[in-house]
Ligand code: DX5
Ligand code: ZN
């Protein structure tokens, strides 16, 4: 069974507590929190104080996706704010800093993940495979919800799964961008175990049924 992580980027920011309780009530697994700095991506969303404020609102794992430049500067603060999973982008800094950031996340007791933008090949993950608990494959250009799913990312998921099976088989793969009732199946067939869904979750007429569809 796959996990679904609804992204609060598509929630009502004036009613985050209500929408997170809804995510829980609908039977979803994690809460996906998109952090954007206006530099790594051309959009600005939310940051450390919001993660801290959301922490007591739910017992679900907070899956925090940092789309920020040089994330090593902030990983400690995000873990202390309450992230359970913290994802950094391989494109956001030099490899030695990305490695150090992953070590730091794990030392602080949080699960560490890397993410790859659509144009970043699977091979870019090689230096980090053993230091990750999860790899997040973007199936849209990061920055905005509601974009079209890039089905041509599926071979990348498959390649990463094969690479991980050799060196770190417990590491899981998450997919983010354009996941809906039509696109979820191919992600799972290719090896994804956690599926982020923003607009499709919040627009679903029957959210509980949507959650079950993605999980099944
Ligand atoms: C995009 C974010 C996603 C976004 C997905 O940069 O990382 O998590 O919320 O939104 P949908 O599911 O609408 O593509
Ligand atoms: Zn995301």
Fluctuation leader among 192, 124, 101 - the chain, Gaussian network, Cα springs under 10 angstrom: 124
Segment residue 215-residue 76, length gained on full extension (0.36 nm per residue, minus Cα span): 46.9 nm
Kirkwood-based Rg to Rh ratio, segment 96-216, C-alpha trace: 0.98
Listed residues 14, 204, 113, most fluctuating in the chain (Gaussian network, C-alpha, under 10 Å): 14
Whole-angstrom gap from segment 166-208 to segment 73-111, using each part's C-alpha centre: 23
Likely footprinting exposure, 115, 169, fewest C-beta neighbours within 10 Å first: 169, 115
Globularity index of segment 34-132, i.e. its alpha-carbon radius of gyration over 2.2 N^0.38 Å: 1.02
R0 of 25 Å, Cβ-Cβ distance residue 185-residue 14: FRET efficiency to nearest 0.05: 0.15
Relative contact order %, segment 3-215, counting alpha carbon pairs below 8 Å whose residues are six or more apart: 20
Nitroxide proxy distance, nm - points 7 Å out along Cα→Cβ at residue 129 and residue 206: 4.2
Gain on full stretching of the segment that runs from residue 97 to residue 1 - 0.36 nm per residue minus C-alpha separation: 31.1 nm
Compactness of segment 37-86 as Cα Rg over 2.2 N^0.38 Å, two decimals: 1.12
Least to most buried among 52, 3 (fewest other Cβ within 10 Å first): 52, 3
Sequence of 201, 74 once ranked by neighbouring C-beta atoms within 10 Å, starting from the fewest: 74, 201
Length added when fully stretched, residue 25-residue 55, from 0.36 nm per residue minus Cα-Cα: 9.1 nm
Estimated [θ] at 222 nm from DSSP helical runs (n ≥ 4, -39500 (n - 2.57)) normalised by residues in the chain, nearest 500: -9000 deg cm²/dmol
Cα Rg over Rh - segment 3-215, Kirkwood: 0.93
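Throughout, read-outs are computed from the coordinates displayed, never taken from laboratory work. Because the structure is a prediction, the values reported are computed rather than measured. Note that each Cβ is placed from the backbone with ideal geometry, even for glycine, and that neighbours are counted across all protein chains shown.
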